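Worksheet: the structure to be examined is printed underneath.
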Amino acid sequence: VQLQASGGGLVQAGDSLRLSCAASGERFSGYNIGWFRQAPGKEREFVAVISRNGGTFYYAESVKGRFTVSRANAKKQAYLQMNTLKPEDTAVYYCGASLGAWSTLRVENMYLYWGQGTQVTVSS
């Protein structure tokens, strides 16, 4: 499966953005979809993940209550709704596809495919 993330931009603190992850190829619904981010000078970190059928989610503590992950398997799309954005959310955001066990999905290496990333910049 090939992934393409989009929807990033420059916003002010407190604003919202919705990122999209568009997939091509077969069996999008067979993959858990995770969102990670990488800020300048930092390692890529886990943000959120959604299960294959969209029924289960998990969030990093830093975004819990502000971000919402969803997916539309018929459209081969996943989304990350980001509300109440903070300057510390500034990063390149990536979506990834994984077949791994649910307990492993916070780990970057468990993802088989990645989108190219979309820049999110939050000004104070």
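If a residue must be within 18 Å of SER6 (Cβ to Cβ) and assigned to a loop (DSSP other than H, G, I, E, B), how many such residues does the range 97-115 contain? Residues that pass the stated criteria total 1. Could we say that ARG106 is of a type in the set (D, E, K, R) and either under 20 Å from VAL11 (Cβ atoms) or open to solvent by 40 Å² or more (accessible area, probe 1.4 Å) (or both) here? Considered against the rule, which asks whether it is of a type in the set (D, E, K, R) and either under 20 Å from VAL11 (Cβ atoms) or open to solvent by 40 Å² or more (accessible area, probe 1.4 Å) (or both), ARG106 comes out as yes. Looking at the range 79-87, is at least one residue open to solvent by 70 Å² or more (accessible area, probe 1.4 Å), in contact with a strand residue (DSSP E or B) (Cβ under 8 Å, 6 or more places away or on another chain), modelled with pLDDT of 95 or more and among the hydroxyl-bearing types (Ser, Thr, Tyr)? No - not one qualifying residue is present in the range 79-87. For the range 42-96, a residue qualifies if it is of a type in the set (D, E, K, R), under 19 Å from GLN2 (Cα atoms) and not in a strand (DSSP E or B), and the qualifying residues are ARG52, LYS75, LYS76. Name the residues in the range 18-55 that are open to solvent by less than 30 Å² (accessible area, probe 1.4 Å) and over 15 Å from SER98 (Cβ atoms), would you? Of everything in the range 18-55, those that are open to solvent by less than 30 Å² (accessible area, probe 1.4 Å) and over 15 Å from SER98 (Cβ atoms) turn out to be LEU19, SER20, ARG37, ALA39.
Residues of the range 81-104 that are closer than 21 Å to SER29 by Cβ, over 12 Å from the mean Cα position of the chain (by Cα) and in contact (Cβ under 8 Å) with a residue 24 or more places away in the chain: SER98, LEU99, GLY100, TRP102. ASP15 meets all of the listed conditions (1) of a type outside the set (Gly, Ala, Ser); (2) outside any strand (DSSP E or B); (3) without any contact (Cβ under 8 Å) to a residue 24 or more places away in the chain but one, namely (3).
The values are calculated or read from the model by the stated rules, or taken from the named source; none is laboratory data. Owing to the predicted nature of the structure, the values given are computational and were not obtained by experimental measurement. Note that we place each Cβ from the backbone using ideal geometry, even for glycine, and neighbour counts take in every protein chain shown. Calculation scope for accessible area: heavy atoms of the full protein, side chains included, ligands and nucleic acids excluded. Shrake-Rupley method; radii C 1.70, N 1.55, O 1.52, S 1.80 Å.
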